[in-house]
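Report on the structure given below.
The values are calculated or read from the model by the stated rules, or taken from the named source; none is laboratory data. Note that the structure is a prediction, hence the values are computed from the model and not measured. Quick reminder, even Gly has a Cβ in these numbers, built from the backbone with ideal geometry, and neighbours come from all protein chains shown.
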Amino acid sequence: MLVRPFPRLIVLIGPLLVFGYMFFVYFDGESAVENWSKAFRNHDETAPQYGPENRPTTTQEPELLLQEVDDAGEAIVDSSQYREVFSVSTADRKYFTIDFGPDYPALNPNIIPHPHEPGTWIIVAQREKDGDAIFEEVVCNAKFQPDGKLACATEPAILPVTTTNFGNCLGELDFFGNSVGPHDMRVFYGPDAPFVMFGSQSAHACFGLWAQDLRPLVPDFALEALATTLFKTSTELQRPPPWGQVEKNWFMFWDPQGNAYVHHDVEPKRVFSQLLPDGSVGPNLAPLAASSDDACMAKYMPQPAPANENLHQATNSLAITLCARSDPACRPSAANTFVMALFQHKKWAAWHAMYEPYVLLFQQSPPFAVHAIAQKPLWIHGRGPLTSTTDIPKWKNFGQELPKEHSEMFYVTSMSWKAAGQRYHGYVDDVLFLAFGVEDARSGGIDVTAGDLLLDLGVCGAEGGA
């Protein structure tokens, strides 16, 4: 996601901006290819194009961007606007750093339990490589260290994902043709197997989403890899029409019978479809739930401003039963078990982006109607104010004054159950990981009780609700 300011490149691609393809936010580097590769690390392609000569002159900031600080310089969290979540394991209850080592700076992290080794997790993230348009995902086995970091306990390796090149990025999108390798990978468990999903050049558009069973890619899964049935090799996922030329941020989900689906869009309308083994999909199923979804989402979804804001999907999905594993009376059923995912409300001001994560629950069985939407975004404990001590390469290189009273940009990329052996399904008293990037400079994670994410739900169809 790393993108840095480079005004010279604006001259080179200026005509592209006229057509509204705003894929570039910040630029620097020594070549157009280098700058393009960094620009694509941005999380979505709709960021407004503000350079030093055309920053917005308004002083009005979008709601939730401004933050007060206490005498110690810590951000003061407004509990009327945020749900703060705390680590269940760190001494100060703040998030922990994810560390691949000095030779492997990495962004957009993922964490899943190791299949065999207790107290060990597999971590995967996008390797940050200055001056290189080749994208790579780095993987290792990780353990928690005495200083609290989740760090590689084995030598990091490059995940051997097949690259794609179809030549479909034409005209204003021809710079995507320079893309080699996986982008913004998500690593997650389904009910039976771990998967990766990543962006790469598409056979159906310019840029699309691909999936593969993780087990053939990682030696620790050598025995399990023999049982691979779905997506043994990289397979492009399709979608109901219309296609966008650049597709991003889809997630897979499963019904109780183990059938796989893909959730393509959450805004402006939901789009989701059943997934077939060859990557093709059935029709858009969202209209079957539209009558209830439209009313519920109109009432409870955050409403992005007409300019400089949008909503987009962020993480993979998990299934969660809304009672406690420790309760003998708790039994999963269609009435209490839902698909959970996070979406983010992106806000942009003073050349600085913010991503506020919200929880979304929907039915695990047809018609997969939305069940509930969080009424407050999550605030990860330890997220601080944006200051000169924050390690933000784009600001250091640009030499500009930091935006005033902004907090650090956290971008949540994945979630998984923490316990060994736990895959797709869990309960409110189970612990899960949220993994995220911080200001395109470092990777972090936090282990939280799942129920803490669900304390501010607007429930569809509830009294006074939709």
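The figures follow:
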quantity: Selected residue (criterion: surrounded by the fewest Cβ atoms within 10 Å (Cβ to Cβ)) from residues of the range 71-96 that are modelled with pLDDT under 95 and either β-branched (Val, Ile, Thr) or closer than 30 Å to Gln145 by Cα (or both); calculated: Ala72
quantity: The one condition in (1) touching a Phe, Trp or Tyr at 6+ places or on another chain (Cβ under 7 Å); (2) surrounded by 19 or more Cβ atoms within 10 Å (Cβ to Cβ) that Cys323 fails to fulfil; calculated: (2)
quantity: Odd one out for Gly181, checked against (1) crowded, with 19+ Cβ neighbours inside 10 Å; (2) touching an Asp or Glu at 6+ places or on another chain (Cβ under 8 Å); (3) on the phi < 0 side of the Ramachandran plot; calculated: (3)
quantity: Identity of the residue in the range 287-318, outside any loop (DSSP other than H, G, I, E, B) and free of Cβ contacts under 8 Å to residues at least 60 places away in the same chain, that ends up surrounded by the fewest Cβ atoms within 10 Å (Cβ to Cβ); calculated: Ser291
quantity: The range 141-160 residues that are in a strand (DSSP E or B), paired with ones that are surrounded by fewer than 16 Cβ atoms within 10 Å (Cβ to Cβ) and acidic (Asp, Glu) (beta carbon under 8 Å, 6 or more apart); calculated: Asn141/Glu117
quantity: Exclusive hit being modelled with pLDDT of 95 or more and in contact with a Ser or Thr (Cβ under 7 Å, 6 or more places away or on another chain), set Val459, Val431; calculated: Val431
quantity: Residues (assigned to a strand (DSSP E or B) and at pLDDT below 95) located in the range 362-385; calculated: Pro385
quantity: Test: Phe176 is touching a residue at least 60 places away in the same chain (Cβ under 8 Å), more than 18 Å from Ile112 (Cβ to Cβ) and either in contact with a strand residue (DSSP E or B) (Cβ under 9 Å, 6 or more places away or on another chain) or β-branched (Val, Ile, Thr) (or both); calculated: yes
quantity: Some residue of the range 171-183 being touching a helix residue (DSSP H, G or I) at 6+ places or on another chain (Cβ under 6 Å) and closer than 24 Å to Pro219 by Cα; calculated: no
